[in-house]
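**Q** Just passing along the structure, written as structure tokens.
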Amino acid sequence: MTGRVAVNTDLNFVQGLMLHGAADLKKCYQCSTCTVACPLTPNDQPFPRKEMLWAQWGMKDKLFRDMDLWLCHNCNDCTDQCPRGAKPGEVMSALRNQTIEHYSYPQAISKAAKSARGNVVLFLIPMVLIALAIAMKNIESGFAFLTAKPIVYANMLPVNFIDILFLPPVLFAVFNSYKAISNFIGGLKEQYPPTDRGENLLPAVKGTIQDVLSHIEFKKCGTNKSRNISHRLMMYGFIGLFITTNAVFVLHWLNEFGFDVQVTPLPFFHPVKILGNVSAFAAFAGIYLIVRDRVKNSGTSILSLFDWMFIGNMFFTVVTGILCQVFRVGDHANLAFLTYYIHLVMVFYLLAYAPQTKFGHILYRPAAMIYSRYSGRNIDIFRNL
Ligand code: SF4
Ligand code: SF4
């Protein structure tokens, strides 16, 4: 007698997936060419063919606990080789986005980030909050900061105001990130119980940090080799900008507590300024190369609005940051303050909604990579090196 297998399927999930980046999913006829082409898949339960099958069947519970979605680095070698044009690389990307939405809290933010109308609302929140803060600070002086010389951004919105505005959403994002990643790892544990082939936690974390910094997985890409450079530039650029922002924050508060330190605007040759400028140009170059490659490959590689919002948000964060400096030095007050306002809105979107938007991949991917080492899932991958 043949045994029966119960399969939990969700057709709404399939429809949502096809609407948001996996339009050609149904073309797949399970030939497995993609799995053979993938440079990153392990021998045991390889990807992405099985994900194509689970996605076609709407087996979302399996997919939300699927570590392999995050071991894929979006090189698109599989999409290039697929004889049916089912775009498995895009399907993997769309599945990652669905996973972010599934674990995010509140889910409404993730859903909003997928639609044009929702994004208008997400942007309106910081636009109104920041505009109100500027009005509260400057209404009495008749917005004198616009004509005061030299241009000082803190005259428009002092750092204390920015801290009050940004700290609650950032703390909320940190809390949500913790909650989302805890639930995600719980799901991974169910689907991939740890084996005795796994590493201890500390070496697994250390190995993952080395892998991320060296971009070892990106280097194995066949089709899209330049991603190694572009993604690395963007990642290092944003790490540099993160350090710069925190250094400025620390300098400000040291100054407030009476220490004799330089505060903004920092001179051009101050180490923090140099780090900020070098990082901004690295991030800009990385984003430019990513967009250029995406546009060049638009026949095979299609991005959803969720993806474009992430790239666009990072692009405008960096560009407005650079322009703030250009307009300040060039003494164009109106342009400078308007650009600074847009920059603050962009930074708010990036930070406050990080766990619910595509930016969340910087949490999920390392978590999956650490768990891959911890559970022993990565052993086959290293054998393939
Ligand atoms: S996605 Fe394409 S290559 Fe992969 S199994 Fe389906 S048809 Fe074959
Ligand atoms: S996009 Fe690249 S890493 Fe991801 S499944 Fe396809 S071939 Fe593998």
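The values are calculated or read from the model by the stated rules, or taken from the named source; none is laboratory data. None of these values were measured; they are calculated from a predicted model. Note that each Cβ is placed from the backbone with ideal geometry, even for glycine, and that neighbours are counted across all protein chains shown. Just the protein is used for accessible areas: all its heavy atoms, side chains included, with ligands, DNA and RNA removed. Shrake-Rupley method; radii C 1.70, N 1.55, O 1.52, S 1.80 Å.
**Q** Looking for whichever is open to solvent by 30 Å² or more (accessible area, probe 1.4 Å) and either touching a strand residue (DSSP E or B) at 6+ places or on another chain (Cβ under 7 Å) or over 24 Å from Thr33 (Cα atoms) (or both) here; the options are Gly142, Gly118. Which one fits?
**A** Working: Gly118 fails: open to solvent by 30 Å² or more (accessible area, probe 1.4 Å).
Just one listed residue meets the conditions, Gly142.
**Q** Tell me, which helices (runs of 4 or more DSSP H) wholly within segment 1-97 include 2 or more residues that are more than 9 Å from ligand 1 (Cβ to nearest atom) and surrounded by 15 or more Cβ atoms within 10 Å (Cβ to Cβ)?
**A** Details: elements: 11-19, 33-37, 49-57, 60-64, 68-71, 77-81.
Here the list reads 11-19, 49-57, 60-64, 68-71, 77-81.
**Q** May I pose another question? Considering only residues that are surrounded by fewer than 17 Cβ atoms within 10 Å (Cβ to Cβ) and either without any contact (Cβ under 8 Å) to a residue 60 or more places away in the chain or part of a helix (DSSP H, G or I) (or both), which ones fall in segment 221-235? Don't jump to the end; show me each part of the working.
**A** Going residue by residue through segment 221-235, those that are surrounded by fewer than 17 Cβ atoms within 10 Å (Cβ to Cβ) are 222, 225-226, 229.
Lys225, Ile229, listed by residue number.
**Q** Scan Pro88, Pro83, Pro46 and give me the residue that is within 16 Å of ligand 2 (Cβ to nearest atom) and either free of Cβ contacts under 8 Å to residues at least 24 places away in the same chain or assigned by TED's automatic domain parsing to the domain that holds Ala116 (or both). So that I can check it myself, show each step before the final result.
**A** Details: Pro88 fails: either free of Cβ contacts under 8 Å to residues at least 24 places away in the same chain or assigned by TED's automatic domain parsing to the domain that holds Ala116 (or both); Pro83 fails: either free of Cβ contacts under 8 Å to residues at least 24 places away in the same chain or assigned by TED's automatic domain parsing to the domain that holds Ala116 (or both).
Going through Pro88, Pro83, Pro46 in turn, just one is within 16 Å of ligand 2 (Cβ to nearest atom) and either free of Cβ contacts under 8 Å to residues at least 24 places away in the same chain or assigned by TED's automatic domain parsing to the domain that holds Ala116 (or both): Pro46.
**Q** Now a separate question. Name, by its number, the condition in (1) in contact with a helix residue (DSSP H, G or I) (Cβ under 7 Å, 6 or more places away or on another chain); (2) free of Cβ contacts under 8 Å to residues at least 12 places away in the same chain that does not hold for Leu351.
**A** Only one criterion is unmet by Leu351, namely (2).
**Q** Ok, one more. For Phe238, only one of the following conditions fails: (1) more than 28 Å from Ile164 (Cβ to Cβ); (2) at pLDDT 90 or above; (3) crowded, with 16+ Cβ neighbours inside 10 Å. What is its number?
**A** With respect to (1) more than 28 Å from Ile164 (Cβ to Cβ); (2) at pLDDT 90 or above; (3) crowded, with 16+ Cβ neighbours inside 10 Å, Phe238 is out only on (1).
**Q** Of all residues in segment 98-111, which are more than 24 Å from Trp57 (Cβ to Cβ) and either surrounded by fewer than 19 Cβ atoms within 10 Å (Cβ to Cβ) or within 11 Å of ligand 2 (Cβ to nearest atom) (or both)?
**A** Answer for segment 98-111, where residues must be more than 24 Å from Trp57 (Cβ to Cβ) and either surrounded by fewer than 19 Cβ atoms within 10 Å (Cβ to Cβ) or within 11 Å of ligand 2 (Cβ to nearest atom) (or both): Tyr105, Pro106, Ala108.
**Q** Quick test for you: out of Ala133, Ala180, Ala173, pick the one residue that is in contact with a Ser or Thr (Cβ under 9 Å, 6 or more places away or on another chain), in contact (Cβ under 8 Å) with a residue 12 or more places away in the chain and hydrophobic (A, V, I, L, M, F, W, C).
**A** Residue meeting the stated conditions: Ala180.
**Q** While we're looking at this one, here's another question. Against the definition (outside any loop (DSSP other than H, G, I, E, B), of a type outside the set (Gly, Ala, Ser) and free of Cβ contacts under 8 Å to residues at least 40 places away in the same chain), how does Leu122 come out, yes or no? Give the steps one after another, and end with the answer.
**A** On the way: outside any loop (DSSP other than H, G, I, E, B): yes; of a type outside the set (Gly, Ala, Ser): yes; free of Cβ contacts under 8 Å to residues at least 40 places away in the same chain: no.
For Leu122, the condition - outside any loop (DSSP other than H, G, I, E, B), of a type outside the set (Gly, Ala, Ser) and free of Cβ contacts under 8 Å to residues at least 40 places away in the same chain - is not met.
**Q** Here's another thing I want to ask about it. Output the number of residues of segment 328-348 satisfying the condition of being over 30 Å from Phe175 (Cα atoms), surrounded by fewer than 21 Cβ atoms within 10 Å (Cβ to Cβ) and in contact (Cβ under 8 Å) with a residue 24 or more places away in the chain.
**A** Total meeting the criteria: 4.
**Q** For segment 152-195, give me each residue that is among the hydroxyl-bearing types (Ser, Thr, Tyr) and within 22 Å of the chain's Cα centre (by Cα). Full working, then the answer.
**A** Our first condition is that a residue be among the hydroxyl-bearing types (Ser, Thr, Tyr); within segment 152-195, this holds for 153, 177-178, 182, 192, 195.
Of everything in segment 152-195, those that are among the hydroxyl-bearing types (Ser, Thr, Tyr) and within 22 Å of the chain's Cα centre (by Cα) turn out to be Ser177, Tyr178, Ser182.
**Q** Sticking with this one: List the residue pairs whose Cβ atoms are under 6 Å apart, where the first residue sits in segment 18-41 and is outside the structural domain of Val91 (by TED's automatic domain parsing), the second is open to solvent by 30 Å² or more (accessible area, probe 1.4 Å), and the two are 6 or more positions apart or on different chains.
**A** Going by the 6 Å Cβ cut-off, there are no qualifying pairs.
**Q** The conditions are (1) in contact (Cβ under 8 Å) with a residue 12 or more places away in the chain; (2) polar (S, T, N, Q); (3) away from ligand 1 (no atom under 16 Å from the Cβ), and Ser141 fails exactly one of them. Which is it?
**A** Condition not satisfied by Ser141: (1).
**Q** Still on this model: For residues in segment 63-80 being among the charged types (D, E, K, R) and under 18 Å from Ser32 (Cβ atoms), which is nearest to ligand 2 (Cβ to nearest atom)?
**A** Narrowing segment 63-80 to residues among the charged types (D, E, K, R): 65-66, 68, 77, 80.
If we keep only those that are under 18 Å from Ser32 (Cβ atoms) as well, we get 66, 68, 77, 80.
Values: Asp66: 12, Asp68: 8, Asp77: 4, Asp80: 8 Å.
If we take residues in segment 63-80 being among the charged types (D, E, K, R) and under 18 Å from Ser32 (Cβ atoms), then Asp77 is nearest to ligand 2 (Cβ to nearest atom).
**Q** Within segment 242-260, how many residues turn out to be open to solvent by less than 40 Å² (accessible area, probe 1.4 Å) and either of a type outside the set (Ser, Thr, Tyr) or more than 23 Å from the chain's Cα centre (by Cα) (or both)? First the steps, then the outcome.
**A** Of segment 242-260, the ones open to solvent by less than 40 Å² (accessible area, probe 1.4 Å) are 244, 247, 251-252.
With the extra rule that they be either of a type outside the set (Ser, Thr, Tyr) or more than 23 Å from the chain's Cα centre (by Cα) (or both), the set shrinks to 247, 251-252.
Residues meeting the conditions: 3.
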